[in-house]
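A quick write-up on the structure given underneath.
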Amino acid sequence: MIDDVIRYSRIFRSMPVDVSEELRGWSWSSPPLAPPYPVKLAVSDITNEFCESGRFIYLRYVEKAPEQLQPKLARGKFIHDVIAEASRIAKMIIYSGEIGGFRDRFIEYGGEAYSKLSLENVVEGSREIFNLLWSYAADIFSSSLAKAKARSPYLSVDSIAALTVPGISEYPVDGTLVGLTKTIRIDNLIPPSIIVEYKTREYQPIYEVGLAAYALAYESQYETPVNYAILVNVRIDEKRGDIKYYEKPVAISDNLRQKFIDLRDSLAKIVDDQLDPGKPGQCHPDCPYIKICKTA
């Protein structure tokens, strides 16, 4: 909702942050930001909390071992996909020009959306999770649409869509200048440049480093400063029919930016040297390589 953009801006004003010029994304060609290795990593490589030794990266890029998506990760992917699809459907209905009975139409599209997403994601309790998220989205978008329409009878369809669903889901950014892959995707980008990432697992400090990765990539491509981002923890209890969102505003400080650089360089070195760093002291049960790693 557009009200969230205003609320976020007010929060950010109370979180002043100074960022060094050499740690801005547009300084990608100079140390310390310049990538020392040709390897391009995904943001998920940088922020994985599965493997302290980095063997996760060795198995993925050097051994090219097949991944096995663990149940918690599959559940998280499904929730991400539903959120993105809800935004797409809401915009599609608005752009069709037939916004009368918006909520009913949105709910009707839910059947088709679930069929598609459940085929792509095999998740226990997927129907209950989907229904909770879809109903919540229907309420939020319907309320936001009503407020947009009340502003003026002369708003264009484009303006109504922007006011109702201000964010851009799965926003693609070229991360190659800062050592990341060519098309990294921000969960939600809210104009002018608010990065929003959804998480379905317990909060981990490494998630904030991921926000720094997206901010640096965005700055490198658009040469526009990104000082803040939002982590949204989505907690769903499908058995109790409960859904909660917990927001954490994050200042993209020098400290976070430097942590990203250090992790990027140490992980890229593993791939470039093609040397197995060895198993960590303890394997995380949700690691997609846990079966391979334990037998290798």
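Each reported figure results from applying straightforward, stated rules to the coordinates on display, with no laboratory input. Because the structure is predicted, anything quoted here is derived from the model rather than measured. As a convention, Cβ positions derive from the backbone with ideal geometry for all residues, glycine included, and neighbour counts pool all protein chains shown.
Which of rounded, prolate, oblate describes the chain, given a ≥ b ≥ c as roots of the alpha-carbon gyration tensor eigenvalues and a/c under 1.5 marking rounded, otherwise prolate only if a/b is larger than b/c? Note, shape of the chain comes out oblate. Loop-located GluC sites (Glu not before Pro) across region 158-261 with a Cβ neighbour count of 12 or fewer within 10 Å are Glu202, Glu223, with loop assigned by DSSP. What number comes out for the charge environment of Ala215, summing +1 per Lys or Arg and -1 per Asp or Glu over other residues with Cβ under 13 Å away? Spelling it out: positives minus negatives among the neighbours equals -2. The calculated 222 nm mean residue ellipticity attributable to helices in the chain amounts to -15500 deg cm²/dmol, summing -39500 (n - 2.57) over DSSP H runs of n ≥ 4 and dividing by all residues. Below 8 Å, C-alpha to C-alpha, sequence gap of six or more: please give me the relative contact order for region 97-234 in percent. So the answer I get is 17 percent. Computed from Cα positions, the angle between helix 2-13 and the longest principal axis of the chain comes to roughly 40 degrees. Measuring gaps between exposed loop sites in the chain (chymotrypsin sites (Phe, Trp or Tyr not before Pro); DSSP loop; at most 13 other Cβ atoms within 10 Å), the longest gap, sites not included, is 1-153. Here Arg88 and Asp272 are evaluated by their C-beta separation; at R0 = 41 Å the FRET efficiency comes out at 0.60.
Compared with the alpha-carbon gap, the fully stretched path from Ser135 to Val232 is longer by 33.1 nm at 0.36 nm per residue. FRET efficiency for the Ser9 to Val122 pair, using the beta carbon distance and R₀ = 41 Å, is estimated at 0.55.
Summary of packing: across the peptides 13-21, 33-41, the per-residue average of other C-beta atoms within 10 Å ranks them, highest first, as 33-41, 13-21. Dividing the convex hull volume of the alpha-carbon atoms in region 71-164 by its residue count gives 84 Å³ per residue. Here the relative contact order of the chain, from alpha carbon pairs under 8 Å that lie six or more residues apart, stands at 31 percent. Estimate the FRET efficiency between Arg151 and Ile292 by the formula 1/(1 + (r/R0)^6), using the beta-carbon distance for r and 45 Å for R0, to the nearest 0.05. Result of the calculation: an efficiency of 0.20.
Of the beta bridges DSSP finds with both residues in the chain, what % are antiparallel, to the nearest 5? Of those bridges, close to 75 percent are antiparallel. Each Lys or Arg adds one and each Asp or Glu takes one away; over the other residues whose Cβ falls under 11 Å from the Cβ of Gly278, this sums to 0.
With a/c under 1.5 counting as rounded, go ahead and sort region 1-127 into rounded, prolate or oblate using the C-alpha gyration tensor (a ≥ b ≥ c being the square roots of the eigenvalues; past the cut-off, prolate if a/b is larger than b/c, else oblate). Oblate, since a/c reaches 1.5 and b/c is not below a/b.
If only the Cβ of Lys and Arg carry +1 and only the Cβ of Asp and Glu carry -1, the dipole of the chain around its Cα centre is close to 440 debye.
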